[in-house]
1. Run down Arg112, Arg165 and say which single residue is free of Cβ contacts under 8 Å to residues at least 40 places away in the same chain and surrounded by fewer than 19 Cβ atoms within 10 Å (Cβ to Cβ).
2. Are any of the residues in segment 137-150 without any contact (Cβ under 8 Å) to a residue 40 or more places away in the chain and part of a helix (DSSP H, G or I)?
3. Note down all Cβ pairs under 8 Å where the first residue falls in segment 308-333 and is within 17 Å of Arg10 (Cα to Cα), the second is among the polar types (S, T, N, Q), and they're at least six residues apart or on different chains.
4. Here is a list: Cys38, Cys94. Which entry is surrounded by 20 or more Cβ atoms within 10 Å (Cβ to Cβ) and assigned by TED's automatic domain parsing to the domain that holds Arg329?
5. So, of the residues in segment 231-259 that are among the small types (Gly, Ala, Ser) and closer than 12 Å to Leu280 by Cα, which turns out to be farthest from the chain's Cα centre (by Cα)?
6. Six or more apart or on different chains, Cβ atoms under 6 Å: show the pairs whose first residue is in segment 184-206 and in the same structural domain as Ala247 (by TED's automatic domain parsing) and whose second is surrounded by 16 or more Cβ atoms within 10 Å (Cβ to Cβ) and aromatic (Phe, Trp, Tyr).
7. So which of Cys128, Cys94, Cys100, Cys108 ends up being of a type outside the set (S, T, N, Q) and out of contact with any strand residue (DSSP E or B) (no Cβ under 9 Å at 6 or more places or on another chain)?
8. May I ask you to verify whether Asp142 is acidic (Asp, Glu) and either surrounded by 21 or more Cβ atoms within 10 Å (Cβ to Cβ) or on the phi > 0 side of the Ramachandran plot (or both)?
Amino acid sequence: MRAAVLQDIRNIRVTEIPTPTPKADDDVIVRVKAVGVCGSDLHSYLEGGTTGPTRINDPFVLGHEFSGNLIPESARKLGLSADALVAVDPAIPCGHCEWCHRGHTNLCPNVRFLGYAPHNGAMAEFVCVPQSAVHVVPETIDPAGAAILETLGVAIHATDLARPRLLESVAVLGCGPVGLLLVQLARLCGVGNIIAIDPVVARGQLACDLGADIACRSFAEVPEVTDGRGVDLVIEATDSSHGFEHAARCARIGGRAVIVGIPENNEYVLSGAESRRKGLSVKFSRRMPEVYPRAIALAQSGRVKLSPLATHSFSLDQAPAAFAQQVARENGIIKAIIYP
C-alpha cells in the first residue's frame, strides 16, 4: 500500500510499504478515508520524529486523527456494514498499569499511540487497530469531521480539567484547531467574556464567529481589554515555548491556567515571579481519556462545529505539500485534511 513516511526533518516521502494484517484476534483493518495534520505531527515533522526529548531515527508513518471504513472481513467481525464510517481512537493504553486502573488512560506510560514512533499511523491506505478503538460515526458527520473528533476529544479533556465556571472570563491562547474547539466548549459551559488570542487575524476572526467575544493578536492586549485585571481562566493551546509564560501574563491574581499546547523543542520559557506572585493554579493536559462518545454527541447535535476547521484538502501524494503549507500557515489554513 502507499503511505506518507516521515524520513527525517521536513522530509516526507510517499512510498510503498507492506499492507498491515491483523496480529491479534480483536484486530480490524480500516481503509482510511480522511486523516488530519495535527500540531503534534508538525512537531515530529520539524523536530525529528517526536514531541519529547528523544530523536527518532527510523522512518515511520504519521497521522493519528483519522476516519475510514472497515474492510468487509473486519466489518463482519463487528457486525457493521462495510460502508459504515468509523473514527478511531489512536491511543491504545495497556489497561494493566496503576494509571489505567485509576482511570487516567491518557497518562499510561505503556501506551501504543498510532502515528507516534515507532508505531505507524494513518497517512496510508490501510491501518490495523484493535476493535476497542473503533467508534461508529453517524451519517451526519463526514469523513473530515470524523477525523477531527480526535482533536475535539483533546479539547474536551482540557475543558474537563479547566472546569469553567458560569460567567467567569476566559482567554484561549492560540486559535488553531484545538483553540477553536476550546472556544466553542467554553461558550457551551456558560462562561462570560471569551478572549481569543492569535497573531493570525483570520484565526481570531473565526474564533469570534465560533463564540469568542474579543479577538486579540497578542497576550499583551489582555490587560487593556480587562481593565488591568486579567482573566479568571486561561487555556493555552499554542506550539510556542513562550505559551506558558504568556498564559501566566494573561491570568488574574489567583487565576487558573490549563496548558494544552506542545512547546517547540520540548521547552517552556517561564519567569518565576509572574506565576508565583499571582499564586496561579496550573494544570497540564495530555491527550484524552475515553471521551469519544461525548465528542460524537457534541458534533452530531451541532453544538460544536467541526467543518470550519477542515479548511484545506490534499491527496496522499500531496502530503509533503500539506505539511509545508500547515507549517507556513498560508492561505487561511486551519487544518489540512489528507484523503488517502
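The values are calculated or read from the model by the stated rules, or taken from the named source; none is laboratory data. None of the values given here were measured: they were computed from a predicted structure. Here Cβ is always computed from backbone atoms with ideal geometry, including for glycine, and neighbour counts include all displayed protein chains.
1. Numbers: Arg165 fails: free of Cβ contacts under 8 Å to residues at least 40 places away in the same chain.
Among Arg112, Arg165, only Arg112 is free of Cβ contacts under 8 Å to residues at least 40 places away in the same chain and surrounded by fewer than 19 Cβ atoms within 10 Å (Cβ to Cβ).
2. Checked against the condition, which is being without any contact (Cβ under 8 Å) to a residue 40 or more places away in the chain and part of a helix (DSSP H, G or I), segment 137-150 yields no hits at all.
3. Gln325/Asn331
4. Numbers: Cys94 fails: surrounded by 20 or more Cβ atoms within 10 Å (Cβ to Cβ).
Of Cys38, Cys94, the one residue that is surrounded by 20 or more Cβ atoms within 10 Å (Cβ to Cβ) and assigned by TED's automatic domain parsing to the domain that holds Arg329 is Cys38.
5. Within segment 231-259, the subset among the small types (Gly, Ala, Ser) is 237, 240-241, 243, 247-248, 251, 254-255, 257.
Narrowing the set further to residues that are closer than 12 Å to Leu280 by Cα leaves 247-248, 251, 254-255, 257.
Working: Ala247: 19, Ala248: 22, Ala251: 24, Gly254: 28, Gly255: 25, Ala257: 18 Å.
Among those that are among the small types (Gly, Ala, Ser) and closer than 12 Å to Leu280 by Cα, it is Gly254.
6. Cβ pairs passing all conditions: Ile197/Phe219.
7. Numbers: Cys128 fails: out of contact with any strand residue (DSSP E or B) (no Cβ under 9 Å at 6 or more places or on another chain); Cys94 fails: out of contact with any strand residue (DSSP E or B) (no Cβ under 9 Å at 6 or more places or on another chain); Cys108 fails: out of contact with any strand residue (DSSP E or B) (no Cβ under 9 Å at 6 or more places or on another chain).
Every option except Cys100 fails the conditions.
8. Numbers: acidic (Asp, Glu): yes; either surrounded by 21 or more Cβ atoms within 10 Å (Cβ to Cβ) or on the phi > 0 side of the Ramachandran plot (or both): no.
It is false that Asp142 is acidic (Asp, Glu) and either surrounded by 21 or more Cβ atoms within 10 Å (Cβ to Cβ) or on the phi > 0 side of the Ramachandran plot (or both).
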